[in-house]
Amino acid sequence: MSEHAVQQVPIRVTVNGRELAAEVEPRLLLSDFIRHHAGLTGTHVGCEHGVCGACTVLVDGAPQRSCLVFAAQADGAEIRTVEGLAEPGAPLHPVQQAFHEEHGMQCGFCTSGFLMTTVALLEETPHPSDEQLVDALSGNLCRCTGYRNIVAAARSAERKLAEAGDE
Amino acid sequence: MSELIGRSVPRVEDERLLRGEGAYVDDLHPSGCSEAAFLRSPQAHARIVSIDVEEARSAPGVIAVLTGADLAGELEPMVFQIARVVPETVRASTGAVSRVHPMPAIPADRATYVGQPLAVVVAESRYLAEDALELIELELEPLPAVVDPEAALEPGAPLVEPEWEDNLALEYRYRRGDVDAAFEQAAVVVEEVFHSHRHVASPIETRGVVATVDPLDGTLAVSASTQTPHQLRDFLAGALRRAPETLRVRAPDVGGGFGPKGAIYPEDLVIPYLATRVGRPVKWIEDRSEHFAATTHGREQVHRIALAADADGRILAVRDSIVHNCGAYHTLGLVVPYNTLTHLIGPYDVPAVDVRLRAAITNTGVVAPYRGAGRPEAVFAMERAVTRLARAVGIDAAELRARNLIAPEAMPYATGMIYRDGTEQVYDSGDYPKLLARARALVEEEPWAERAAGRRVGVGYAAYVEGTGVGPFESAALTVLGGGRVRVATGASSQGQSHRTTLAQIAADALGVPFERIEVVGGDTAAIAAGFGTIASRSLVVAGNAVAKAAAELRAAVLDAAGSLLGAPPESLTLADGTIRPLDGDGPELPLADLAGALSPFNPRRPAGAPTELHAKAIFNPGPVTYAAGVHAAVVAVDPATGAVEILRYAVSHDCGRPVNPAIAEGQVLGGVMQGIGGALYEELVYDPDGQLRTGSFMDYLLPTAGEMPEIRLVHVDCPTPLNPLGVKGLGEGGAIGPPAAIANAVEDALADLGVVVRACPLTPDRVRALIRAGGGDGGATAGAGATEVAA
C-alpha cells in the first residue's frame, strides 16, 4: 500500500547462512523481520520488552533479544536462529537432543530461546561452572518446567558437545 | 498387558518444537490476513462520554474501526454456561446464591477495569493498527472505583454495576457439627487474618486468535491459544447465531495455559465476528502489557480463620469467613470460590466446620481459575492457621499435623460437604500420614545451620488434597488408518502437558499396537465433535480413560473383523504389537496393516459385510472427582538484616494415583512448585487505590528464573484410585498449591522468636524486614551479623 509507505531502509543480513536483502521500515523489530520477512517462525515473541528471552537469536555469535533490536540495526550481521541448529531431516543438534532427553521442555514456546542461549554459552564457555551456567540461563523465562530439567539439559549438552569434539 | 503405562517414554511432541517447526497461533498467517489491535480503558471506572474514531478510520492501512456502540446490536453481552450452574445439592447444603453477570464484549457506556477493550482497529498490519489507535479520541468521565473486595462489600461502596444494589456476586455458608460448643470447650484457640494475593499466570505465549471464513462453504475457522476449543466453538455458535457445524475451532500448539486460557474472552468473540464482517482473515495477538491487564488473574481472597483445639492439638473446629475478589465481572459462578470451601479442611479430620464466603465484584481485572483455582487460597489460610495452632499448643508443627490427619483406614472418607459437581465429597483413596512422613524425612536431620551461614533457618509444611478429574466428560475417537497406524482424537487439547505421549501410551497398551504407530490429535473440533478441554487437572483422568475405553472397543472391532477374514472366532484371537494372532499360537497371523488393506474400498476381494472402517468412539463420564494429595516441606534461610529468603531445600511428597509417565508427571509437579514459589516470594499483581495497574510488565511482576530454583526433592506415595479403570488421578495443579503456605510457615518459623506473623505473600525482602520491625523483635542488622540460629 503505497499511500502509507514510510521511509524504507535497505538491509542485508545473513540468516542461518542464507543471505537476505530487504527494504524495511526503520521501526521494524528484528524479531518481526525474522518471523514475518524471513518466514522463520521458530523464534517466538513472549514479552516484547526484553525480559522473557523467548526471542533470543545469535547476532554475530552473541545471544540477543531480537525484540529489542531493530532490523535496520542488524544490517550486515550474521544471524542464527533455532532453524539453523539442525538441517531439516538431519539429526538434532546436541543441545536440542539434550533438551529432549532431559525433558527440558513442556509447551515448547520458550524453548527456542533457551536453545540459542545454551548454544551461545557452550560455544563461548565449553565447560561453564554452575554459577556461569545458571547465570546464563537465568536470562530466559520458562513457566512450565521449573528449570531443573533445563539446567540438566544444558549440562548434558555440554557433555555431548565435548564428546563430539573429541571424536 | 500393560507395557507402556508407568514408563518414562520420551515425548513425541519434542522434535518439531525443538526444530522451530511448531505452529503456535501467531505462526498462522492465512493469505490476506489483517491484524487487529484494541483500544483499552486507561481508567478503572468511567463513563464513556465519546469515542471519536473518524481520523483512525482514514489512517493508512486501516480496514475497520469499531466501538462498543457499533457492536451493541450485533453481539449480546457474554454469559457462560458455567455461570448458571449451582447444583440443587450445593444450594441445599450451603444456600449458595450466585448472580449471573453478563459481560459486554466491548462496552458502549461504561468502562469497569483498566485494560477493558473499548474499541478495535483492523488494519493491514499490527504496526498500522497500533498507529491508528493513537488517532482515536477517547473522552471518559471518571467514576469512583473500588478495588479492595472487603471495601466493596461495605455499605455505600461505589457500585461496579449500577443496577445491582451492592457488589455481592456470590455467597454461601456451610456448617457442620457444633462449632460454637467446640470453641467454648477448646483448650486453645487461634484466630488470624490471611490474604492470598493476586497473581497473573503468565504463560510465555500470550493469548491470540486468528479467524478465517472459508470462501467455499462459509465455515468460520478459528484458531485460538485456548485450553477449551470445543467450549469456545459452542460459545461462538450461540453468540454468532451459527450452527456449531459451521464453525471449526482449533487450538494449535499452545504455549502454556495454567487456567486463564480456559476462560473465554471478549477478543475470542470480537475477532471471529470481525472476520465475518470485514471479509478478510483477522488476527489478534495479545501483547504482554495487554496480558497483565486483560487476561484473567488468579487468587485474591481474605480469610478470617479460627481454629479450636484440645490441649493435645486435636482440631475440634474450624471457622472461616472469606471474602473473594471476582474482579469486574463474575463470569464463572461457583468455580473458584466454591473450590475454596471443598479444599479448606484438606487432609484433616475435623468434627465441626463453619465456612462463609462472600464474593465481590470490583474495578479490577477478572479473576478466574489459575493453577489451583481456589485451592492454594484455602491451603494458605488453613495451613498457616495449623502452624499457628502448633505454636500455641507448643508442639512441633509436623507432629500436630500427624495428630489430625485422616487415617488411611478411614478411606473412603466422606467430608459431609457437597462438591461443586453436586455429588457428595468423598476422598476415595490416599495415605496422608505416609505423605507427611515421607516429606519430613526429606527435610529433617540435616545440618541446615552449616548451609545457612549466619542466617536463621526455618522449616515449614503444607498439606493439601486436590479434587481432580472433574466431569462432565471427555471424548475419544480411535481410527485405524492405512498402514496399520491408529489415530486418537480427543477433546482434550494440550498446552505442554504431553498428551501426544501419555495418551498414546494408554492407547498402545489398551489396543496392542506399537506406540510409534499411534498419533494423537487434540484440540480440533473437526477431528472430534464433542469435547470439553484441558482444565482443572482433569485430562489424564477423563481423556485418558476415554481413550482406554475407546481403545478397548476398537480392539474388539479389530478382532471381530479379523475373525471374519481368518474364519476364526474373535475370542480365539489376540492383538499384540500391531498383529492379530491366534491365542493358542496355532494359525495364521494378520498384521493390522493388512487387515486395514483388506477392508479398503479399493480391495476388489473386500469381504461382503465387512465394516467400512475400523473405528471406535467413547465418552467417559467420570462421576465424582478423585483426590490427589501432597505434603510440601520447605527449609529456608532468612537473613534478618536484609530480609532475603533463600530456600535451602523444597520437598514434595505427592499422590497422583497411578503414574502413566513418571518423567512427565515429575515435570508437571516441578513446574507447579516453581510457580508456587514465584507466588510465595516474588510475584504480585498490584492495583493502586484508584484501580491503576502498578505491575504491568515483567520489570514489575517478577517471575522466578533458573537462578531462583532451589534444590527440589520429590517422592511418590501413589495410591491408585478405584474410581476409574486406569487408577489415575490428576496432577497438573498440585505442585502450585503448597508452596505459599509451606514457605510462609518456614519463614515464620525462622523468625518466630522475633514475634513475626506472616499473613500474606510474596515474602520479598522489604516485606520480611517490615514483618521483623512489626514483630518488635530485634531482628535487625545486629542480630543477623554473627550468630546462626536454628529454629526448633
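Could you tell me which residue of segment B:664-690 is farthest from residue B:294 (Cα to Cα), considering only residues that are within 14 Å of another protein chain (Cβ to nearest Cβ) and in a loop (DSSP other than H, G, I, E, B)?
B:682
Which one of these does residue B:483 not meet: (1) touching a strand residue (DSSP E or B) at 6+ places or on another chain (Cβ under 9 Å); (2) modelled with pLDDT under 95; (3) not in a loop (DSSP other than H, G, I, E, B)?
Every condition holds for residue B:483 apart from (1).
Say we look at segment B:765-783 and pick out the residues that are part of a helix (DSSP H, G or I) and modelled with pLDDT under 85; which of these is nearest to residue B:455 (Cα to Cα)?
Among those residues, the one meeting the criterion is B:783.
Among the residues of segment B:695-731, count how many are touching a strand residue (DSSP E or B) at 6+ places or on another chain (Cβ under 8 Å), under 27 Å from residue A:147 (Cβ atoms) and assigned to a loop (DSSP other than H, G, I, E, B).
Going through segment B:695-731 one residue at a time, the tally reaches 8.
If a residue counts only when it is away from chain A (no Cβ under 14 Å) and open to solvent by 20 Å² or more (accessible area, probe 1.4 Å), which strands (runs of 3 or more DSSP E) contained entirely in segment B:1-72 have at least 2 such residues?
B:34-40, B:46-52
For segment A:150-159, indicate whether the set of residues that are acidic (Asp, Glu), at pLDDT below 95 and open to solvent by 20 Å² or more (accessible area, probe 1.4 Å) is non-empty.
no
If I go through segment A:10-38 residue by residue, how many of them are open to solvent by 50 Å² or more (accessible area, probe 1.4 Å), within 24 Å of residue A:87 (Cβ to Cβ), in a loop (DSSP other than H, G, I, E, B) and not polar (S, T, N, Q)?
Residues flagged as open to solvent by 50 Å² or more (accessible area, probe 1.4 Å), within 24 Å of residue A:87 (Cβ to Cβ), in a loop (DSSP other than H, G, I, E, B) and not polar (S, T, N, Q) within segment A:10-38 amount to 1.
Out of the strands (runs of 3 or more DSSP E) lying entirely within segment B:342-460, which hold 1 or more residues that are in contact with a Leu (Cβ under 8 Å, 6 or more places away or on another chain) and open to solvent by less than 20 Å² (accessible area, probe 1.4 Å)?
Result: B:352-361, B:413-418.
For segment B:741-761, check the following and say yes or no: at least one residue is within 30 Å of the chain's Cα centre (by Cα), open to solvent by 60 Å² or more (accessible area, probe 1.4 Å) and at pLDDT 95 or above.
The answer is yes, given that some residue of segment B:741-761 is within 30 Å of the chain's Cα centre (by Cα), open to solvent by 60 Å² or more (accessible area, probe 1.4 Å) and at pLDDT 95 or above.
Identify all residues within segment B:567-603 that are open to solvent by less than 40 Å² (accessible area, probe 1.4 Å), touching a Gly at 6+ places or on another chain (Cβ under 8 Å) and part of a loop (DSSP other than H, G, I, E, B); write none if there are none.
Correct list: B:568, B:578, B:600, B:603.
Collect the residues in segment B:322-341 that are assigned to a loop (DSSP other than H, G, I, E, B) and not aliphatic (A, V, I, L, M), keeping them in residue-number order.
B:329, B:330, B:331, B:333
So in segment A:46-58, with the set limited to residues that are facing chain B (nearest Cβ under 7 Å) and among the aliphatic types (A, V, I, L, M), which one is surrounded by the fewest Cβ atoms within 10 Å (Cβ to Cβ)?
Of everything passing the filter in segment A:46-58, A:51 is surrounded by the fewest Cβ atoms within 10 Å (Cβ to Cβ).
Only residues that are within 12 Å of chain A (Cβ to nearest Cβ) and over 10 Å from residue B:207 (Cβ atoms): list them for segment B:261-271, please.
Those that are within 12 Å of chain A (Cβ to nearest Cβ) and over 10 Å from residue B:207 (Cβ atoms): none in segment B:261-271.
For residue B:283, all conditions in the list (1) crowded, with 22+ Cβ neighbours inside 10 Å; (2) of a type outside the set (S, T, N, Q); (3) assigned to a loop (DSSP other than H, G, I, E, B) hold save one; what is the number of the exception?
Failing condition for residue B:283: (3).
Test residue B:551 against the stated conditions and say whether it is in contact (Cβ under 8 Å) with a residue 24 or more places away in the chain and closer than 20 Å to residue B:488 by Cα.
yes
Of the residues B:258, B:183, which is open to solvent by 10 Å² or more (accessible area, probe 1.4 Å), over 19 Å from residue B:23 (Cα atoms) and within 14 Å of chain A (Cβ to nearest Cβ)?
Of B:258, B:183, the one residue that is open to solvent by 10 Å² or more (accessible area, probe 1.4 Å), over 19 Å from residue B:23 (Cα atoms) and within 14 Å of chain A (Cβ to nearest Cβ) is B:258.
Test residue B:411 against the stated conditions and say whether it is over 20 Å from residue B:96 (Cα atoms) and touching a Cys at 6+ places or on another chain (Cβ under 9 Å).
For residue B:411, the condition - over 20 Å from residue B:96 (Cα atoms) and touching a Cys at 6+ places or on another chain (Cβ under 9 Å) - is met.
Can you name the residue in segment A:116-132 that is free of Cβ contacts under 8 Å to residues at least 24 places away in the same chain and within 13 Å of chain B (Cβ to nearest Cβ) and is also surrounded by the most Cβ atoms within 10 Å (Cβ to Cβ) among such residues?
Among those that are free of Cβ contacts under 8 Å to residues at least 24 places away in the same chain and within 13 Å of chain B (Cβ to nearest Cβ), it is A:132.
Per-residue answers, yes or no, for (1) closer than 19 Å to residue B:381 by Cα; (2) in a loop (DSSP other than H, G, I, E, B); (3) open to solvent by less than 40 Å² (accessible area, probe 1.4 Å):
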site: B:155; (1), (2), (3): no, yes, no
site: B:164; (1), (2), (3): no, yes, yes
site: B:199; (1), (2), (3): yes, no, yes
site: B:205; (1), (2), (3): no, yes, yes
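Tell me which of these residue B:304 doesn't satisfy, since it passes every other one: (1) touching a helix residue (DSSP H, G or I) at 6+ places or on another chain (Cβ under 7 Å); (2) surrounded by fewer than 24 Cβ atoms within 10 Å (Cβ to Cβ); (3) not aliphatic (A, V, I, L, M).
Status for residue B:304: all satisfied but (1).
If I filter segment A:100-115 for residues that are surrounded by 19 or more Cβ atoms within 10 Å (Cβ to Cβ), among the hydroxyl-bearing types (Ser, Thr, Tyr) and within 8 Å of chain B (Cβ to nearest Cβ), do I get at least one hit?
Yes - at least one qualifying residue is present in segment A:100-115.
Residues in segment B:604-628 that are surrounded by 15 or more Cβ atoms within 10 Å (Cβ to Cβ), under 30 Å from residue B:737 (Cβ atoms) and touching a helix residue (DSSP H, G or I) at 6+ places or on another chain (Cβ under 9 Å): how many?
Residues flagged as surrounded by 15 or more Cβ atoms within 10 Å (Cβ to Cβ), under 30 Å from residue B:737 (Cβ atoms) and touching a helix residue (DSSP H, G or I) at 6+ places or on another chain (Cβ under 9 Å) within segment B:604-628 amount to 6.
The conditions are (1) closer than 18 Å to residue A:17 by Cα; (2) facing chain B (nearest Cβ under 10 Å), and residue A:63 fails exactly one of them. Which is it?
For residue A:63, the failing item is (2).
The values are calculated or read from the model by the stated rules, or taken from the named source; none is laboratory data. Here the structure is a predicted model, which is why all the values come from computation and not from measurement. Note: ideal-geometry Cβ built from the backbone for every residue, glycine included; neighbour counts use all protein chains shown. Calculation scope for accessible area: heavy atoms of the full protein, side chains included, ligands and nucleic acids excluded. Shrake-Rupley method; radii C 1.70, N 1.55, O 1.52, S 1.80 Å.
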